[in-house]
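Enquirer: First, the structure itself, so that you have it in front of you.
The values are calculated or read from the model by the stated rules, or taken from the named source; none is laboratory data. Keep in mind the model is a prediction, meaning the values are calculated, not measured. With ideal geometry, Cβ positions are generated from the backbone for all residues, glycine too; neighbour counts draw on all protein chains shown.
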């Protein structure tokens, strides 16, 4: 509230002619340093946006803009913010190579190397898959692309605050960040834009030249301050929170392993602990969700929740329509407790056998 009331820091951070604007600018720059601190970047490399979706659009379209015969490499299981942007660019004449992940949801450096052409201007891959929790080998892919001189964009919306990220040692040029995925406000995000050597990026929103000409628009001071605080807390609690979530995940999976006909989607080795995707043989996910009314679970990502089509991510790693329609994603976070994990597991052990019995009776 301090940054929304007349008695607080209410000025426009772009107003340089009075103290109210200076106060707001100071708050925004402090938040910029906090966001930069989580990923070990220079604060001048942080460009404010309205969220990871805008960051993805700015990164991908901004690199391609003005380049004829451009070629992009991405994967078939990226977030819709990347997929839809690349599909649109294809309609504008850009060539896109859609890499197929392995059965765990990972893209290899070898796949990227084989897809490179003389016209490749950008590779865009996510650090952590939002439905599987699988981690891509970004350091190896980044090293390859740095050697080839190809710009590398990483969608880290699901990774920031969940695992260590250090852009000073991991070769990447652009990285999308989300405020609410790190327990900050919704409707705000950032794009990391490497300064040395400088990344060429064309603005997609014009009208005032804010954010060093990369993203015009009056900045929402209160939201940015909230995002900054969230990123600072995430940095302080990163190791402890990761270990706590690992414990909760193992507790949940131990109970799930005792339930017959349950399979794990994704990588058990290369993953963040807070996302678990499970397949329940003989059960439709939609029916299962109806039976789990006290749980907030999903059969895909929020960006595709309005459709009844099977998850394109699960289809992308080789699952059949039946397998994809039998899968649910479970998420655990900072406020999840052992009691909640046990409750969720017990609900599944009660509901899944009941639905299977009903299905056998109907059949």
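Enquirer: Which numbered condition trips up residue 31, out of (1) modelled with pLDDT of 95 or more; (2) farther than 16 Å from residue 193 by Cα; (3) loosely packed, with under 15 Cβ neighbours inside 10 Å?
Expert: Looking at each condition in turn, residue 31 falls short on (3).
Residue-by-condition table, conditions (1) part of a helix (DSSP H, G or I); (2) touching a strand residue (DSSP E or B) at 6+ places or on another chain (Cβ under 6 Å); (3) more than 25 Å from residue 52 (Cβ to Cβ):
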{"residue": "273", "(1), (2), (3)": "no, no, no"}
{"residue": "319", "(1), (2), (3)": "no, no, yes"}
{"residue": "322", "(1), (2), (3)": "yes, no, yes"}
{"residue": "339", "(1), (2), (3)": "yes, no, yes"}
{"residue": "342", "(1), (2), (3)": "yes, no, yes"}
{"residue": "345", "(1), (2), (3)": "yes, no, yes"}
{"residue": "348", "(1), (2), (3)": "yes, no, yes"}
{"residue": "359", "(1), (2), (3)": "yes, no, yes"}
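Enquirer: I'm trying to understand the selection: among the residues of the stretch 98-116, which are closer than 20 Å to residue 84 by Cα and free of Cβ contacts under 8 Å to residues at least 12 places away in the same chain?
Expert: Those that are closer than 20 Å to residue 84 by Cα and free of Cβ contacts under 8 Å to residues at least 12 places away in the same chain: none in the stretch 98-116.
Enquirer: How many of the residues in the stretch 211-236 are touching a residue at least 40 places away in the same chain (Cβ under 8 Å) and more than 18 Å from residue 65 (Cβ to Cβ)?
Expert: Residues meeting the conditions: 17.
Enquirer: Which of (1) more than 30 Å from residue 128 (Cα to Cα); (2) surrounded by fewer than 22 Cβ atoms within 10 Å (Cβ to Cβ) does residue 13 not meet, given it meets every other one?
Expert: So residue 13 meets the others, but not (2).
Enquirer: Continuing with this model, one more query. Kindly indicate whether any position in the stretch 65-81 is farther than 26 Å from residue 221 by Cα, in contact with a helix residue (DSSP H, G or I) (Cβ under 7 Å, 6 or more places away or on another chain) and part of a helix (DSSP H, G or I).
Expert: Yes, the conditions are met somewhere in the stretch 65-81.
Enquirer: I'd like the full set of residues that are outside the structural domain of residue 160 (by TED's automatic domain parsing) and in contact (Cβ under 8 Å) with a residue 12 or more places away in the chain, limited to the stretch 7-34.
Expert: Of everything in the stretch 7-34, those that are outside the structural domain of residue 160 (by TED's automatic domain parsing) and in contact (Cβ under 8 Å) with a residue 12 or more places away in the chain turn out to be 9, 10, 11, 12, 13, 14.
Enquirer: Residues to consider are 216, 267; find the one that is under 18 Å from residue 133 (Cβ atoms) and either surrounded by fewer than 16 Cβ atoms within 10 Å (Cβ to Cβ) or touching a strand residue (DSSP E or B) at 6+ places or on another chain (Cβ under 6 Å) (or both).
Expert: Exactly one residue qualifies, and that residue is 267.
Enquirer: A follow-up question, please. Kindly establish whether residue 204 is in contact (Cβ under 8 Å) with a residue 12 or more places away in the chain, within 26 Å of residue 14 (Cα to Cα) and either out of contact with any strand residue (DSSP E or B) (no Cβ under 8 Å at 6 or more places or on another chain) or assigned to a loop (DSSP other than H, G, I, E, B) (or both).
Expert: Working: in contact (Cβ under 8 Å) with a residue 12 or more places away in the chain: yes; within 26 Å of residue 14 (Cα to Cα): yes; either out of contact with any strand residue (DSSP E or B) (no Cβ under 8 Å at 6 or more places or on another chain) or assigned to a loop (DSSP other than H, G, I, E, B) (or both): yes.
It is true that residue 204 is in contact (Cβ under 8 Å) with a residue 12 or more places away in the chain, within 26 Å of residue 14 (Cα to Cα) and either out of contact with any strand residue (DSSP E or B) (no Cβ under 8 Å at 6 or more places or on another chain) or assigned to a loop (DSSP other than H, G, I, E, B) (or both).
Rundown of residues vs (1) at pLDDT 95 or above; (2) under 21 Å from the mean Cα position of the chain (by Cα); (3) assigned to a helix (DSSP H, G or I); (4) farther than 21 Å from residue 36 by Cα, yes/no style:
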{"position": "191", "(1), (2), (3), (4)": "yes, yes, no, no"}
{"position": "196", "(1), (2), (3), (4)": "no, no, no, no"}
{"position": "209", "(1), (2), (3), (4)": "no, no, no, yes"}
{"position": "218", "(1), (2), (3), (4)": "no, no, no, no"}
{"position": "222", "(1), (2), (3), (4)": "no, no, yes, no"}
{"position": "229", "(1), (2), (3), (4)": "yes, yes, yes, no"}
{"position": "234", "(1), (2), (3), (4)": "yes, yes, yes, no"}
{"position": "242", "(1), (2), (3), (4)": "yes, yes, yes, no"}
